Amino acid sequence: MRASAYAILLAALSGLVVLTFVGSLLIGPSDLGMAGSLEGLFSTETSLAQLVMYEIRLPRAVLGLMIGVTLGLSGAVLQGFLRNPLAEPGILGISSAAALGAVLAIYTGLSAFFPLALPLAGLAGAFVAVLLIRALTGANGSTLTLILAGVAVSAFAGAASTLVLNLSPNPFAATEILFWMLGSLTDRSMTHVWLAGPFMIIGWIMLASLARPLDTLTLGSDAAATMGINVGKLQSFAVFGTAASVGAAVSVAGAIGFVGLVVPHVLRPLVGSVPSRLLPASALGGAIVLLTADILVRLIDPGHDLKIGVLTAMVGAPFFLWLVYRSRRNEL
Amino acid sequence: MWKLIRSRRLLLGLVGLAFMSLAPTLPAGAAKAPARVVSMNLCTDQLAMLLAAPGQLFSVSHLAADPGSSALAGEAARYRLNIGLAEEVFLMKPDLVLDGTFSTSPTASMLQRLGIRVEKFAPEASFDDVAENILRMGRLLGQEERAQEMVATLEKGLDDLASSAVPGLTVATYASNSYTTGKGSLSEAVIEAAGLTNLGSKLGIRGAGRLPLEILVLSLPDIVTNDTPTYEAPALAQENFVHPAYRAVLERAQTAPVPASNWICGGPFNLVAAAILQNAAKAAVQSGKHREK
């Protein structure tokens, strides 16, 4: 694939990111309209429209963008790093484990005294899950063991979260498992952006630095080692980068599945299957998908706070089945 | 200022009336009145506690003792508390069980199969419903006279509220998970009794429904109820109360601290809720917080 075609792809994806980001800012449950939204955004006078734009819609759009980048990027890195087409934070149980960390931080009251405990606990949960997956599958685990390990980690983390929520004396807690399993960006505030944003950015930097080494890793880890790639460093960057970005993302918006699976797959043929090219494209693609899904939940059922993970799973789960079917056919 | 003082006195008077214990006597025809009544629903709990003769009511639901839900939480300590299990209630050997129409219904039907009389009360959506339920509870407990007195007090309270209403102000109820109340809810009846307009109904919400924060901000009501519930542990459901946009609404609108327990169920305590709203309306006019429309 020629460099110019790749540049065009990135430009097109960037254009779509801008479009969906602006769309996310302009669409809401109220009848503020496009003109009112823009006025609220750019007017220097303090107005109610300004309050809505800066305190409600902007954090929602920024989080949609950042979490989308996180999911797309981490999915692409995990697929390259584990050399497995089905790897994704949701399927591997990393998101569920991050949610468990966040659930512990919030419902025990810890994050009320020490707000940073929320992203840190999400990070810790995600970190444990990545290490566990790595330990369970070994260096060259098959697709099957990887998925089974993910199922086990997911099931355990989900059950533990449910237990914590059920034991909470707050009568609302038990129903909030929906948020943690399916994710939502409704009425998040700038506080959440400031809490989770820095961790996501640190995670992105670590994951992005893996672009070249992942190219070499496609030749196999032994070959990569002889070519001067520090496989240990690559591994720790992949683990920490995923844990930091996914952990922080989940801790403020719940576990949103399948974005990290679908986006790299759709884009891989377009970038000629080169990991270093796939990472930026996937990051942009993840943002487009998540911002679009978040616009759709507001359009489909504005009154009922539809969870964003419902939409991503509706598209992602059939895609996952198709991937499983295809990988089975290849193994036969 | 005088108006404020007067309405505060009205408030105290209403509270007094609502909780005044009328001389408890079993009327002449009380032979048929049940002697061991068990209530399994927060709303029937409270009406029964207000109307039953001493010793007549044996047990109320555990919610009746929860100050967050029950306006008579203190009273409830005098009764055995139940959690609405068929076995538990059956062993209490009641001759009348009171229940709501939508809560614990498998329990109620099992008790009926076991031959126990169960009376169900529908949730109230208006003060007519409240009066009807009070009178029905009076008949069931053989306390017609007390029930009639209570209804008369209620009607007098409603007339007083109507005569001192401040017209033209809008109020929004805003609860956990951004829920509000609209048409056909008891809250709406209370808001209208206070002479105010309910934002939820204006927006076309029926019963209870979500009020997106963005819409609350843009429709900026004159008054917002802010009985932020305090639970032993935090949950996401209460995060809407610390959202910067909601804090900004609280700065711009008059707040009315109506305790949830005063309008979850129908009863004389609804007048307290209405009086708090009316006070807030007067304060809003005085402080100029109501918007010129």
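Residue check: is B:V190 modelled with pLDDT of 95 or more, under 30 Å from B:G84 (Cβ atoms), open to solvent by less than 30 Å² (accessible area, probe 1.4 Å) and not assigned by TED's automatic domain parsing to the domain that holds B:E87? Quick ask: steps written out before the conclusion?
Values: modelled with pLDDT of 95 or more: yes; under 30 Å from B:G84 (Cβ atoms): yes; open to solvent by less than 30 Å² (accessible area, probe 1.4 Å): yes; not assigned by TED's automatic domain parsing to the domain that holds B:E87: yes.
Spelling it out, B:V190 is indeed modelled with pLDDT of 95 or more, under 30 Å from B:G84 (Cβ atoms), open to solvent by less than 30 Å² (accessible area, probe 1.4 Å) and not assigned by TED's automatic domain parsing to the domain that holds B:E87.
Table: residues versus (1) open to solvent by less than 50 Å² (accessible area, probe 1.4 Å); (2) among the β-branched types (V, I, T); (3) in contact with a Pro (Cβ under 6 Å, 6 or more places away or on another chain); (4) within 18 Å of B:E124 (Cβ to Cβ).
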residue: B:A48; (1), (2), (3), (4): yes, no, no, yes
residue: B:A52; (1), (2), (3), (4): yes, no, no, no
residue: B:Q56; (1), (2), (3), (4): yes, no, no, no
residue: B:S61; (1), (2), (3), (4): yes, no, no, yes
residue: B:L72; (1), (2), (3), (4): yes, no, no, yes
residue: B:A77; (1), (2), (3), (4): no, no, no, no
residue: B:I83; (1), (2), (3), (4): no, yes, no, no
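Determine, yes or no, whether A:S184 is within 12 Å of chain B (Cβ to nearest Cβ), touching a residue at least 40 places away in the same chain (Cβ under 8 Å) and farther than 21 Å from A:D294 by Cβ.
Considered against the rule, which asks whether it is within 12 Å of chain B (Cβ to nearest Cβ), touching a residue at least 40 places away in the same chain (Cβ under 8 Å) and farther than 21 Å from A:D294 by Cβ, A:S184 comes out as no.
Quickly run through the range A:228-254 and pick out the residues that are open to solvent by 10 Å² or more (accessible area, probe 1.4 Å), of a type in the set (G, A, S) and not in a helix (DSSP H, G or I).
A:G228
Could you check the range B:45-81 and list, in sequence order, the residues that are in a helix (DSSP H, G or I) and farther than 22 Å from A:P169 by Cβ?
B:Q46, B:L47, B:A48, B:M49, B:L50, B:L51, B:E75
Please enumerate the residues belonging to the range A:169-179 that are assigned to a loop (DSSP other than H, G, I, E, B) and either open to solvent by 20 Å² or more (accessible area, probe 1.4 Å) or under 18 Å from A:H304 (Cα atoms) (or both).
Result: A:P169, A:P171, A:F172.
Looking for whichever is of a type in the set (A, V, I, L, M), open to solvent by less than 20 Å² (accessible area, probe 1.4 Å), out of contact with any Lys or Arg (no Cβ under 6 Å at 6 or more places or on another chain) and modelled with pLDDT under 90 here; the options are B:A245, B:A281, B:A253, B:A233. Which one fits?
Of B:A245, B:A281, B:A253, B:A233, the one residue that is of a type in the set (A, V, I, L, M), open to solvent by less than 20 Å² (accessible area, probe 1.4 Å), out of contact with any Lys or Arg (no Cβ under 6 Å at 6 or more places or on another chain) and modelled with pLDDT under 90 is B:A233.
Of (1) touching a Lys or Arg at 6+ places or on another chain (Cβ under 9 Å); (2) of a type in the set (S, T, Y); (3) farther than 25 Å from A:E176 by Cα; (4) open to solvent by 20 Å² or more (accessible area, probe 1.4 Å), B:T197 satisfies all except one. Which?
Status for B:T197: all satisfied but (1).
Is it the case that some residue within the range B:93-102 is of a type in the set (S, T, Y) and at pLDDT below 95?
yes
What strands (runs of 3 or more DSSP E) completely inside the range B:189-293 contain at least 2 residues that are over 12 Å from B:V171 (Cβ atoms) and at the interface with chain A (Cβ under 8 Å from one of its Cβ atoms)?
Qualifying strands (runs of 3 or more DSSP E): B:208-210.
Do we have B:G84 as outside any helix (DSSP H, G or I), over 20 Å from B:N262 (Cα atoms), free of Cβ contacts under 8 Å to residues at least 40 places away in the same chain and of a type outside the set (S, T, N, Q) here?
no
Does the range B:168-184 contain at least one residue that is out of contact with any His (no Cβ under 9 Å at 6 or more places or on another chain), part of a loop (DSSP other than H, G, I, E, B) and of a type in the set (S, T, N, Q)?
yes
Looking at the range A:115-133 only, could you name the residues that are at pLDDT below 95 and within 14 Å of chain B (Cβ to nearest Cβ)?
A:P115
Quick check: anything in the range A:131-142 in contact (Cβ under 8 Å) with a residue 24 or more places away in the chain and crowded, with 24+ Cβ neighbours inside 10 Å?
yes
Taking the conditions exactly as written (in contact (Cβ under 8 Å) with a residue 40 or more places away in the chain and either among the acidic types (D, E) or within 14 Å of another protein chain (Cβ to nearest Cβ) (or both)), does A:V62 satisfy them or not?
Considered against the rule, which asks whether it is in contact (Cβ under 8 Å) with a residue 40 or more places away in the chain and either among the acidic types (D, E) or within 14 Å of another protein chain (Cβ to nearest Cβ) (or both), A:V62 comes out as no.
Could you grab me the full set of residues in the range B:152-185 that are open to solvent by 10 Å² or more (accessible area, probe 1.4 Å) and of a type in the set (A, V, I, L, M)?
Selection gives B:A152, B:L158, B:A162, B:A165, B:V166, B:A175.
Return the residue satisfying two criteria in turn: it lies in the range A:279-332 and is of a type in the set (D, E, K, R) and not in a helix (DSSP H, G or I), and of such residues it is surrounded by the fewest Cβ atoms within 10 Å (Cβ to Cβ).
Among them, the one singled out is A:D301.
Which of the residues belonging to the range A:189-200 are open to solvent by 20 Å² or more (accessible area, probe 1.4 Å), within 14 Å of chain B (Cβ to nearest Cβ) and touching a helix residue (DSSP H, G or I) at 6+ places or on another chain (Cβ under 6 Å)?
Selection gives A:M190, A:H192, A:L195.
Under 9 Å by Cβ, and 6 or more places apart or on different chains, what pairs join a residue from the range A:263-274 that is open to solvent by less than 10 Å² (accessible area, probe 1.4 Å) with one that is not in a helix (DSSP H, G or I)?
A:P264/A:P85; A:P264/A:E88; A:V271/A:M1
Filter the range A:19-50 for residues that are touching an Asp or Glu at 6+ places or on another chain (Cβ under 9 Å) and at the interface with another protein chain (Cβ under 9 Å from one of its Cβ atoms); which is most open to solvent (accessible area, probe 1.4 Å)?
If we take residues in the range A:19-50 being touching an Asp or Glu at 6+ places or on another chain (Cβ under 9 Å) and at the interface with another protein chain (Cβ under 9 Å from one of its Cβ atoms), then A:P29 is most open to solvent (accessible area, probe 1.4 Å).
Counting only residues that are within 20 Å of A:N84 (Cβ to Cβ) and free of Cβ contacts under 8 Å to residues at least 24 places away in the same chain, which one in the range A:201-227 is surrounded by the fewest Cβ atoms within 10 Å (Cβ to Cβ)?
A:D222
The values are calculated or read from the model by the stated rules, or taken from the named source; none is laboratory data. Everything numeric in this text was worked out from a predicted model, so none of it was measured. Every residue, glycine as well, gets a Cβ built from its backbone with ideal geometry; the counts of neighbours run over all protein chains shown. Surface accessibility is based on the protein's heavy atoms, side chains included, excluding ligands, DNA and RNA. Shrake-Rupley method; radii C 1.70, N 1.55, O 1.52, S 1.80 Å.
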